[in-house]
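Only one structure is covered here, and it is reproduced in the block below.
The values are calculated or read from the model by the stated rules, or taken from the named source; none is laboratory data. In this text the structure is predicted, and so the values were computed from the model without any measurement. Here the Cβ positions follow ideal geometry from the backbone for every residue, glycine too, while neighbour counts run over all protein chains shown.
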Amino acid sequence: MLKKRFIVSFFLSTLVMMLASYVWHGLLLNDLQFVPKPRVLFYSLAVLTYLVIGFALTFVYTYLSMGIGLKFKASLMGLAFGFCIYLIAFVLGVSFKGSGTEHIVVDFIWQMIEQGMGGATIGFVYLLAKRRDKILGDTSQ
């Protein structure tokens, strides 16, 4: 059974990554004007993609920690996810606009930052849950 902290961190990290993506692509770069039609299908698939990324990142952090005791483990896992996701997007040619090395490097770095923020959110939720458990002496959540 999934614990409450898993579900909260999954949805919160997904929300953080989606908001970061909107700020980057919608406000700073104005890329969302180049979204292919039908837009409802595009945005639905984008939400589904972020749900999958958020779930996978939370799952890896929760169940496959491999005993790593790094303080920023979740953020590093997010950076690794961002690296892999950008490689997939790059190979598939998924991009809104732009070309050239500068565009690739900036997009690559942003993808790692975005997923790193998602990982940091997961780590933060788990840290708060751990502190809560310590204060309450509760280990069931």
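Only residues that are touching a residue at least 12 places away in the same chain (Cβ under 8 Å) and more than 19 Å from D107 (Cα to Cα) were counted across segment 16-46, and they come to 0. Restricting attention to segment 121-140, does a residue exist that is farther than 18 Å from L19 by Cβ, in contact with a Lys or Arg (Cβ under 8 Å, 6 or more places away or on another chain) and either of a type in the set (D, E, K, R) or at pLDDT below 85 (or both)? Checking segment 121-140: at least one residue is farther than 18 Å from L19 by Cβ, in contact with a Lys or Arg (Cβ under 8 Å, 6 or more places away or on another chain) and either of a type in the set (D, E, K, R) or at pLDDT below 85 (or both).
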